[in-house]
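A quick write-up on the structure given underneath.
Read-outs throughout are calculated quantities, based only on the coordinates presented, and are distinct from any laboratory measurement. Computed from a prediction, not measured in an experiment: that's the story for all the values here. Cβ sites come from the backbone with ideal geometry, for glycine too, and all protein chains shown count toward neighbours.
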There are 2 protein chains.
Amino acid sequence: MQQVNVGIVGLGNVGMGTLTILAENAAEISAKLGFQLQVTAVCSRSVAEKTLPPGLETVLRTADWHDVVNDPNIHIVAELVGGTSIAKEMIDAAIAAGKSVVTANKELMALQGPGIWDRAIASGINLAMEASVAGGIPIHAVLREGISGDRVVALQGILNGTSNYILTEIEKHGTDFAVVLAEAQRLGYAEADPSADIDGYDARSKLAILAALAFGLQVVPSDIHTEGIRRIGPIDFQYAHRLGHTIRLVCAARRTQDGVFLSVRPALIAQSTILASVQGAYNAIWVRGQYGQDTFYYGRGAGPNPTGVAVVSDLMRVAREIRSGSPQRVSPFAHERLATNRPLPIELQKSAYYLRFRVQDRPGIIAALASILAEKHVSLDAVLQLPTEDKHNLPFVITIEPCEEKAVAEAVAKMATLDFMVEPPLALPMERPL
Amino acid sequence: MQQVNVGIVGLGNVGMGTLTILAENAAEISAKLGFQLQVTAVCSRSVAEKTLPPGLETVLRTADWHDVVNDPNIHIVAELVGGTSIAKEMIDAAIAAGKSVVTANKELMALQGPGIWDRAIASGINLAMEASVAGGIPIHAVLREGISGDRVVALQGILNGTSNYILTEIEKHGTDFAVVLAEAQRLGYAEADPSADIDGYDARSKLAILAALAFGLQVVPSDIHTEGIRRIGPIDFQYAHRLGHTIRLVCAARRTQDGVFLSVRPALIAQSTILASVQGAYNAIWVRGQYGQDTFYYGRGAGPNPTGVAVVSDLMRVAREIRSGSPQRVSPFAHERLATNRPLPIELQKSAYYLRFRVQDRPGIIAALASILAEKHVSLDAVLQLPTEDKHNLPFVITIEPCEEKAVAEAVAKMATLDFMVEPPLALPMERPL
């Protein structure tokens, strides 16, 4: 085999980034591999309109992915279509045809990864999915190989660039959530339907994949406690800063004797931590290992080229394995090491909390709130109120000491029914640094 | 093959850390691998005095490494002895005996890596050296696999924990270099002969290995421009802070059209960069890729367990490859992609500079220095002088705008001869953030 042939299915941002890198960086890639990694087919519904990078003039161009999957000369299919229906069908067909697969599809791998991996292993082909989490950060390589000897006990990640961009814009400019979101949509940073990003579902898929890599845990994404960032406003950053914290959409995983806590939610994190310095569309992952202790990984979360690097790096690894005649089938889902695949109920976790209220001011408010906390055996830590004018919509904050989240949730639910509340309290956990 | 057998040679910190992790984390390691990774022999000159972790009661204990290398049941030899003589002999013997090798030996791999890799590849065995650079940070896995599709254009690293500890102690407490060094020696953070750490030679070996991984460059470590930290004092941190910077021992690599600049030296780096936040014995590496742009990696630079994780992770990877019947021989030295293996002379690089003087105060000093700078066509940026009493040993700082380092070096050499100098000027580059 003089060269390994690749078919690229999907010519959106990631597909075009992948083609660009394979074309421009071809000499260095060949030098590293010692053989040619050659794109021989590309597929897209709009393939006729695409301008391919130089060197790809003679490749098969098709709008039908079957042409790629059924091409006997193709060794690896890169699935860069996204979504869970066509992508699934295509990956299954490629595996059945004995082709290795590289995918950037977080949603599909989070939902169907275990089954797909099982079929890949049974067929003796390789599967790679570095691009599915935190585009430019090679966290798969890190967890699969770099620190595989360690026992990961916890991780915290910022895994959705869009929501991080929105939060850091609110933080920098004091602009309201809705205004920043509209601007992000105008700039193309957020989608017309922004829910996957701002409600945490995109980050949740990524956390499910990381949980598999880090803990060998097959988790159903919808079992992960998930909250979005819609309620975070400039006022919350003002209070958070007063507390020496900032606010980020944090993906957290923590292993305990009884199982794993998994959550995606906006949280206060100390400004002194490296994680708090992650701005804009960057992603970052903090990993705590039992032996190697803390490691931290940072890079661009998305974009044609950073994600393209992940796809190309996967193609190189898989191509090497094909050349060596023996695919390395290391499924992150193949090792079930935990007693249960369901994350522990988040209410059993202990956390300090930030509660932000908006009330109609009148005497007795603190007393009413404090008595609810006392009733739930929750210890109040501090009461903060920044200067304000509007007595009919008065914001202030109570922080509470670490306690079981169930008690906090019950207290907050009861507080929400009080007649002086302008809106339900906003409750954000204060994540301890790992 | 039901299990893969490992012989550990060297039972110092790293060897004992490796044994501890293999013993304590055995269940998780087996679950990840799907087979047993078994230590069957350990070797140390003082093996009789060593207490091994539970489960290793029946392993071969020997003081002669030949017993390990010649044991027909052993598949992988872990060379954790260090140094360049016995280690070299042992690795060569292991390769000749058809055993794969895992090593933590930065000095040997920096000096003799290319030849050792060539022999390993010729013998069809595998070689792994994750532990040789930045113990707890899996930078090998990152560069070899995670972002292998990218074209690295530059990197900056803090790769020596001892010197970083010393610098951050001087910074925090305003203590003199000699005092901090003595304390570090007392605590066991610095060796009795501290030269390898504080004069930059340890970091230089690591940079040579990173240059191979990142650029495919076989570089002789002594060709790397290297300066140590002996002259850095509290006063330098005071001035650096005034300039919005801090001082770290920075390993820098930058690819240009003409070749690669490599240097290890104390440098000013902006406090706003993540690299500047690296404290104490931590290591960090900032990588700039042409496509993936910035990624950043952070973790413990040394220690039995963090380095042990690197060794164990390498053992797992090599064991998988042995089991799959086809070692993946990816030599970082096998691909020569650069026109020359010699780094470019550092004097050709352009840098801004921090010049710190100690002078006998008298009129005309600035004029004398400024005229030397003008003569070399170097532009003065600012003159800083913090309040001080001692007119006979007056410190002050001149910063200069980016210019060719050759001109700065010539100017500084000429300045050193001026009769009002109490000591030669200290010249530190101000590293641009990547």
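Computed values, structure above
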| quantity | calculated |
| --- | --- |
| Hypothetical label at B:R231: residues of region B:414-434 whose amide nitrogen lies under 17 Å (7 Å Cα-Cβ projection) | B:414-431 |
| Nearest-ten-degree value, helix A:405-416 long axis tilted from longest Cα axis of chain A | 60 |
| Helical mean residue ellipticity (222 nm; -39500 (n - 2.57) per DSSP H run of 4+; nearest 500) of chain B | -10500 deg cm²/dmol |
| Distance in nm between pseudo-label sites at B:H66 and A:H241 (7 Å out along the Cβ direction from Cα) | 7.1 |
| Per-residue mean of C-beta atoms belonging to partner chains within 10 Å, peptide B:308-315 | 5 |
| Ranking of A:L249, B:L108 by count of other Cβ atoms within 10 Å, fewest first | B:L108, A:L249 |
| Size of electric dipole in region B:139-300: Cβ of Lys, Arg +1 and of Asp, Glu -1, about Cα centre, debye, nearest 20 | 360 |
| For region A:160-177 versus region B:1-33, the gap between their alpha-carbon centres in whole angstrom | 46 |
| Average beta-carbon neighbours from other chains, 10 Å sphere, peptide B:295-306 | 6 |
| Dipole of chain A, positive direction: furthest Cα of A:N70, A:W286, A:T20, with charges on the beta-carbon | A:W286 |
| B:N73-B:I366 FRET efficiency (beta carbon distance; Förster radius 60 Å; 0.05 resolution) | 0.25 |
| Overall dimensions of region B:59-128 as given by Cα atoms, namely Rg and Dmax in Å | 11.2, 33 |
| Compactness of region A:347-431 as Cα Rg over 2.2 N^0.38 Å, two decimals | 1.03 |
| Sites B:Q185 and A:E24, calculated FRET efficiency, Cβ-Cβ separation with R0 35 Å, nearest 0.05 | 0.10 |
| Global size of chain A as Cα Rg and Dmax, reported in angstrom | 23.9, 82 |
| Computed FRET value (nearest 0.05) for B:A413 with B:N13, which takes r as the C-beta separation and R₀ as 30 Å | 0.10 |
| Radius, Kirkwood style, for region B:139-300 when every pair of distinct Cα atoms is counted (Å) | 16.1 |
| 10 °C / 1.306 mPa s Stokes-Einstein diffusion coefficient of region B:67-199, Kirkwood radius on C-alpha pairs, µm²/s | 92 |
| Set of aspartates and glutamates near A:K376 by C-alpha distance (under 13 Å), chain-local residues within fewer than 8 positions excluded | A:E401, A:E404, A:E405, A:E410 |
| Counting all C-alpha pairs of region B:262-322, share separated by more than 15 Å (%) | 68 |
| With Cα atoms, 0 to 90° folded angle of helix A:365-375 axis to chain A main axis | 70 |
| Fraction of alpha-carbon pairs over 17 Å apart in region B:161-206 - percent | 26 |
| Cross-link partners of B:K88 among lysines (Cα-Cα below 18 Å; sequence separation of 8 or more within a chain) | B:K99, B:K106, B:K206 |
| Peptides ranked, highest mean first, by Cβ atoms within 10 Å: ranges B:258-267, B:226-235 | B:258-267, B:226-235 |
| Cα-based Rg and Dmax for the protein assembly as shown, where Dmax is the largest Cα-Cα distance (Å) | 28.6, 85 |
| Fully extended contour minus Cα-Cα distance, from B:F35 to B:D223, at 0.36 nm per residue | 63.3 nm |
| Peptide B:21-32, shielding by other chains (average Cβ, 10 Å cutoff) | 4 |
| At 1.567 mPa s and 4 °C, Stokes D of region A:137-182 from Kirkwood alpha-carbon radius, µm² per second | 99 |
| Solution diffusion estimate, µm²/s, Stokes-Einstein, region B:1-85, Kirkwood Rh from C-alpha pairs, 10 °C, viscosity 1.306 mPa s | 122 |
